[in-house]
Amino acid sequence: MRLNSILFMLFCTWLLQGQSGQIEYKTVLNGQEVTVIVKDGDTTVVAELEKAIVNPVREFANPEERERYLKYQRYAPIVYPYAVNAVRIYYQLQKATEGQSEKEKRKLVKSISHALEDEFETPLKNLTKTQGFLLTKMIERQLNKPFYDIIKELKGGFSAFYWNQLGKFNGFHLKDQYEYGKDELLDSILEEYDLKKDLGNYEQ
């Protein structure tokens with residue numbers, strides 16, 4: 001907050017001390033506009049708090065369900081940054097290749113693939129099955145399309161087929177898009193780790 005704003009607040013407080021009635025005015029505190037209320041010499045600052053998610057105490061049908069939920073909670077913050085970066089890159093590619101043919105788009109993807117591999121390949125290879133599952137579902141939830149279609153769009157049908165077959169060995173199908181309501185435990189985790197809050201202006 002600027003010095004003149006601080007002085008203005010102090011001056012108003014001093015001026016109104018001992019007076020009855022209420023006066024309100026707006027100022028900026030830590031970059032946020034707030035309302036200052038001065039009544040009977042007492043000063044109250046009213047600010048809008050960030051949105052917070054309060055989840056009720058969760059009950060589980062069995063120990064296996066509880067263990068799966070705890071796994072989701074433990075692994076979600078690990079894969080979250082990769083999901084944000086993946087979606088951000090996808091949006092950037094969409095913008096850079098707007099109006100181009102599929103061939104031209106894949107040519108651009110190929111030209112930057114080595115740089116992406118250097119940044120993501122090693123850590124992604126170390127993900128567990130559950131971590132990989134959460135990563136794909138975070139991305140699918142944001143882009144509203146199955147991971148298979150994303151790969152096919154960027155790398156072609158053969159690559160999509162290859163990765164789908166590989167995914168089957170790990171227990172999930174890349175053609176199965178995230179669907180809200182199908183898995184309440186997964187829904188809860190993905191709502192908590194919503195990519196929108198860190199995508200900023202990249203979100204379409």
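Got a number for residues in segment 119-133 being modelled with pLDDT under 85, surrounded by 15 or more Cβ atoms within 10 Å (Cβ to Cβ) and assigned to a helix (DSSP H, G or I)?
Of the residues in segment 119-133, the ones modelled with pLDDT under 85 are 119-127.
Still in the running and surrounded by 15 or more Cβ atoms within 10 Å (Cβ to Cβ): 124, 127.
When the remaining residues are screened for being assigned to a helix (DSSP H, G or I), the result is 124.
Within segment 119-133, residues that are modelled with pLDDT under 85, surrounded by 15 or more Cβ atoms within 10 Å (Cβ to Cβ) and assigned to a helix (DSSP H, G or I) number 1.
Results for (1) under 29 Å from residue 61 (Cα atoms); (2) out of contact with any Lys or Arg (no Cβ under 7 Å at 6 or more places or on another chain), shown as yes or no for each residue.
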site	(1), (2)
126	no, yes
130	yes, no
149	no, yes
156	no, no
189	yes, yes
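For segment 195-204, how many residues are without any contact (Cβ under 8 Å) to a residue 24 or more places away in the chain and at negative phi? Don't jump to the end; show me each part of the working.
If we filter segment 195-204 for residues that are without any contact (Cβ under 8 Å) to a residue 24 or more places away in the chain, which is where we start, we get 197, 200-201.
Next cut, at negative phi only: 197, 201.
Going through segment 195-204 one residue at a time, the tally reaches 2.
Considering 106, 88, 74, 58, which residue is at pLDDT below 80, of a type outside the set (A, V, I, L, M) and in the same structural domain as residue 185 (by TED's automatic domain parsing)? Lay out the reasoning, then the answer.
Details: 88 fails: at pLDDT below 80; 74 fails: at pLDDT below 80; 58 fails: in the same structural domain as residue 185 (by TED's automatic domain parsing).
Exactly one residue qualifies, and that residue is 106.
If you go through segment 162-193, how many residues are of a type in the set (D, E, K, R), in contact (Cβ under 8 Å) with a residue 24 or more places away in the chain and assigned to a loop (DSSP other than H, G, I, E, B)? Outline the logic, then answer.
Taking segment 162-193 and keeping what is of a type in the set (D, E, K, R), we get 168, 175-176, 179, 182-184, 187, 191-192.
Narrowing further to those that are in contact (Cβ under 8 Å) with a residue 24 or more places away in the chain: 175-176, 191-192.
Applying the additional criterion that residues be assigned to a loop (DSSP other than H, G, I, E, B) yields 175-176.
So the answer is 2.
I'd like to know if segment 161-173 contains one or more residues that are surrounded by 14 or more Cβ atoms within 10 Å (Cβ to Cβ) and touching an Asp or Glu at 6+ places or on another chain (Cβ under 9 Å).
no
Please go through (1) within 20 Å of residue 151 (Cβ to Cβ); (2) under 19 Å from the mean Cα position of the chain (by Cα) for residue 173 and return the number of the only condition it doesn't satisfy.
(2)
The values are calculated or read from the model by the stated rules, or taken from the named source; none is laboratory data. Keep in mind it's a predicted model, so treat the numbers as computed, not measured. Cβ sites come from the backbone with ideal geometry, for glycine too, and all protein chains shown count toward neighbours.
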